[in-house]
Structures are given as C-alpha cells and as structure tokens.
1. Please tell me the relative contact order of region B:50-108 in percent, rounded to the nearest whole number, where contacts are Cα pairs under 8 Å and at least six residues apart.
2. Which of the trypsin sites (Lys or Arg not before Pro) found in region B:44-108 are loop residues per DSSP with 15 or fewer other Cβ atoms within 10 Å of their Cβ?
3. Percent of accessible area on the protein assembly as shown owned by carbon and sulfur, 1.4 Å probe?
4. Anything losing 40 Å² or more of accessible area from the isolated chain to the full protein assembly: pick those residues out of region B:75-108, probe 1.4 Å, ligands and DNA/RNA ignored.
5. Which of the chymotrypsin sites (Phe, Trp or Tyr not before Pro) across region A:11-84 are loop residues per DSSP, with 12 or fewer other Cβ within 10 Å?
6. With a 1.4 Å probe and every protein chain left in place, work out the accessible area per residue of chain A in Å², rounded to a whole number.
7. Taking a probe of 1.4 Å and counting only protein heavy atoms, give the total accessible area buried between chains B and A in Å², rounded to the nearest 100.
8. In region B:29-48, which residues give up 20 Å² or more of accessible area once the other protein chains are added, compared with their chain alone (1.4 Å probe)?
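The values are calculated or read from the model by the stated rules, or taken from the named source; none is laboratory data. Since the structure is predicted, the reported quantities are computational estimates derived from the model, not experimental observations. Cβ: placed from backbone, ideal geometry, glycine included. Neighbour counts: every protein chain shown. The area values use the complete protein model at the heavy-atom level, side chains included, leaving out ligands, DNA and RNA. Shrake-Rupley method; radii C 1.70, N 1.55, O 1.52, S 1.80 Å.
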Amino acid sequence: DSGVTQTPKHLITATGQRVTLRCSPRSGDLSVYWYQQSLDQGLQFLIQYYNGEERAKGNILERFSAQQFPDLHSELNLSSLELGDSALYFCASSVAGGQTGEQYFGPGTRLTVT
Amino acid sequence: GIQVEQSPPDLILQEGANSTLRCNFSDSVNNLQWFHQNPWGQLINLFYIPSGTKQNGRLSATTVATERYSLLYISSSQTTDSGVYFCAVREYGNKLVFGAGTILRVKS
C-alpha cells in the first residue's frame, strides 16, 4: 500500500458526461500528480499541483481540469467525455515539488466511456 | 523532450530463471524509478535509483547515469513477478516520463 488513495476504483459513464476523480496524497506529501494510462499512448503525465498551486502541465486536454484543496487532496474533472478518454487514471504524490524525490502512485481509477 | 526506451518489450521465463531488463534514456536525469504493474493494474514502486546500485530481496537495480542507462535484475523468478515493468525518469518540470514497459510472463 503506497498510502495514496483514489476513488472511485471503477467508473462507467456515457459520452458527453462529466466525472470527477478524487485523490488523497500520502500523509506529509505536498505534491500531487495526475497521469493517464491508455493502450495507445502509454503512461502520460497530465498535471501537477504543489501545495494548492498548479506547478506543471503536460498533455492535458482543455476538457480536463484539476485542483488541489487546502487539505491537499486533489480532484481531476473530465467533461464532455469521449470514447477515447477511456483509460486508467493514476494519482501520485511526493514530498516536494522539485526534480528529486520519489513519486508514489495510487491504485488508479479505471474509466470506461460507452 | 527526453526519450525512454525499454528492452526487451516481452519476456517469457520459466520459474526460477534470472532476467535483466534494460532502460535507456536520451538525456541526463537526476531521478529514475522502476515500477511493477501487476495484473490488477496497480503500479508498485520497486526502486528509486538516480545512480548506483540497490538491492531488495530477489530484485536489484543499477543506474549508470553518465552512460544513460539503468538495469533491473530479477533473480529466481516467481509467477507473482509477472506483469509489466516500467522505467520512468524525471524531466524538467517535475513530470515522470515513462518507457513503454517490458511485459514479463513467468511460467510455472
């Protein structure tokens, strides 16, 4: 158990809908990262928050947004869902926001868009 | 951006055999991690190894940062070692860049 929690574990929804994925980092970790794992793109970085502020952005679509709350949990919002958004979404956390330090991954949320 | 290549892409082993997985990266890095993704999809941290050698039970890893590669050794493989092994390096901007992975199947 990495100490990072994600809910829900599975989500099935229809095209055009909106969903929210939730992540709680390990105790003491200030940075939260979101990654998407799909069959065709592999594991890709979406976005990072550090202590409530956006720190880095990757290949995140404009239909997707995220935030980190004062208690450090984070939410990833996916809207106007398309079939291609079906993927495994991981949250990771680390103590600091810099380039060193280990990232720990949650169990993931498997999203299926039908 | 940085490129991460893993080899071999697939590996089938008989239980008890040893194996070496390789990760090459295209630029200097100060953060490298190895992960095991089990059949249930969980990403499990194996090693945080920007340089040097580490061992954890039957697994060990070596990173030669100056030559831009890392190796993961699995000894006396077991069926529970099956899954996908990923190497990931930290690029400027804090994100991890993952390789495509090595799919390992251990047969009993």
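1. Working: 82 pairs, mean separation 14.6, N = 59.
25 percent.
2. Numbers: sites: B:Lys54, B:Arg58, B:Arg68, B:Arg90, B:Lys95, B:Arg105, B:Lys107; in loops: B:Arg58, B:Arg68, B:Lys95.
For trypsin sites (Lys or Arg not before Pro) across region B:44-108 that sit outside H, G, I, E and B with at most 15 neighbouring Cβ atoms in 10 Å, the list reads B:Arg58.
3. On the way: 5000 of 10520 Å².
Summing carbon and sulfur atoms, their accessible area is 48 percent of the total for the protein assembly as shown.
4. B:Arg90, B:Asn94, B:Lys95, B:Leu96, B:Phe98
5. Working: sites: A:Tyr33, A:Trp34, A:Tyr35, A:Phe45, A:Tyr49, A:Tyr50, A:Phe64; in loops: none.
When the chymotrypsin sites (Phe, Trp or Tyr not before Pro) of region A:11-84 are filtered for loop state and at most 12 Cβ neighbours within 10 Å, nothing remains.
6. On the way: 5400 Å² over 114 residues.
In whole numbers, chain A has 47 Å² accessible per residue.
7. Details: alone 5980 and 6240 Å², together 10520 Å².
By this definition, chains B and A bury close to 1700 Å².
8. B:Asn30, B:Gln33, B:Gln37, B:Gly41, B:Gln42, B:Leu43, B:Asn45, B:Tyr48
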